[in-house]
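Peer 1: Pasting a structure below so you can have a look.
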Amino acid sequence: MDIQLDNQPPDGRDGGHPFSRLDPQMVLEAVDSVGLRGDGRLLALNSYENRVYRVGREEGQPVVVKFYRPERWSDAAILEDHAFVQELADAEVPVVPARMLEGRTLHGFGGFRFAVFPSRGGRAPELSDPSTLEWIGRFIGRIHAVGAARGFTQRPALNLDTFGREPRAFLIGHGFIPPELLTAYTSVLDQALDGVARCFERAGSIEHIRLHGDCHAGNVLWTGDGPHFVDFDDSRMGPAVQDLWMLLSGDRPEMVRQLGDVLAGYEDFRAFDPRQLYLVEALRTLRLIHYSAWLAMRWDDPAFPAAFPWFNTQHYWQDRILELREQVALMDEPPLWPV
């Protein structure tokens, strides 16, 4: 059943962006509406896709409240995310599931949908440490063991269409590319998409499972007890290597070593199909294309021009052309084989 949103749906009909209505008073009232009375302390956390706040409470520990971007996900897709994270928590994987309040995890207030999470701190992991990478790899292996048990039905897949062709159509169709760079950008973009297609052909038939989807270092928080994983908002179906390659950085020898460390932990819990290594640079290419389209699709949100003032400038698109040319070359190199 869809959440029945109450007064003033956030459709921007007043000329502003929907999130412009989400002021501190509304955040506190939303928390009160599910029985968690705030004490007035409110801290906006780093999030652009949604709006996320740490809210102090009169009784009990602070909570984190996520207000979902209107019209991005259906209720069913959000609840599928919540259910997956709860599955992981039930399997004792260190994640942060949405709290069940008044019999549900997804709530509505003031025209917005929101969820409440326990507040969990932590620091960025030391990815230069082999033991840290191995530890993270073990937990990603456990996430994927649960993720492979069944599939999503409401959330999209990561593939050439959703992260490549559809972003291409949006960027070009909405006039974001400067006219004098359109031919050069379109040419290299199409070469890149052809390269992605060849990488997937070389990899062959690869299993798609439920993923974290955005497993970079910022979504892995470290404490004395090790890592815990946050923000499954981009969770989707895709190849397992999507949750591994974003942990790799540096030159090729460094990435080979890092991949070996991650897989040493990963394969304690789940076998890794090495054919997926043909996809590392292809997935990196798709992420770069999708990122530009993500910024473009959100450009009417005032938070985006303020946070990303360099986007959609002449220099920005010139850099993207050079970046994609590099990716075209990298996709034709041999895959990263850990020694």
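Read-outs throughout are calculated quantities, based only on the coordinates presented, and are distinct from any laboratory measurement. These numbers come from a predicted model, not from an experiment. With ideal geometry, Cβ positions are generated from the backbone for all residues, glycine too; neighbour counts draw on all protein chains shown.
Peer 1: Enumerate the calculated ³J(HN,Hα) couplings along region 23-39 in order (Karplus 6.51 cos²θ - 1.76 cosθ + 1.60, θ = phi - 60°), each rounded to whole Hz, writing x wherever the residue is Gly or Pro.
Peer 2: Calculated HN-Hα couplings, in order: 9, x, 4, 5, 4, 5, 5, 5, 5, 4, 5, 10, x, 10, 6, x, 9 Hz.
Peer 1: Spin-label point model (7 Å from Cα, Cβ direction): what's the S33 to A197 distance in nm?
Peer 2: 4.7
Peer 1: Same structure again: Using 0.36 nm per residue, how much length does the chain from D23 to H315 gain when fully extended, once their Cα-Cα distance is taken away?
Peer 2: Gain on extension, D23 to H315, equals 101.6 nm.
Peer 1: Measure out, as a whole number of angstrom, how far apart the alpha-carbon centroids of region 185-249 and region 120-161 sit.
Peer 2: With region 185-249 and region 120-161 each reduced to a Cα centre, they are spaced 9 Å.
Peer 1: From the Cα trace of region 130-331, what convex hull volume per residue do you get, rounded to a whole Å³?
Peer 2: 135
Peer 1: For I209, what residues show an amide H to amide H distance below 5 Å, using hydrogens built from the backbone and excluding near sequence neighbours?
Peer 2: Here the answer is G238, A240, since their amide H atoms fall under 5 Å of that of I209.
Peer 1: Along region 187-194, what does the Karplus equation 6.51 cos²θ - 1.76 cosθ + 1.60 (θ = phi - 60°) give for ³J(HN,Hα), rounded to whole Hz, x for Gly and Pro?
Peer 2: Coupling constants for region 187-194: 5, 6, 4, 5, 4, 5, 5, 5 Hz.
Peer 1: Give me the percent of Cα-Cα pairs in the chain that sit more than 26 Å apart, rounded to a whole number.
Peer 2: Result: 54 percent of Cα pairs exceed 26 Å.
Peer 1: How would I136, I209 line up from fewest to most surrounding beta-carbon atoms within 10 angstrom?
Peer 2: Ordered from fewest to most neighbouring Cβ atoms within 10 Å, I136, I209 come out as I209, I136.
Peer 1: Region 224-282: which chymotrypsin sites (Phe, Trp or Tyr not before Pro) are DSSP loop and have at most 14 other beta-carbon atoms within 10 angstrom?
Peer 2: Listed in order of number, the matching sites amount to none.
Peer 1: Could I ask something else about it? Determine the principal axes of the Cα atoms in region 95-182, then give the extent along each, sorted from largest to smallest and rounded to whole angstroms.
Peer 2: 48, 46, 30
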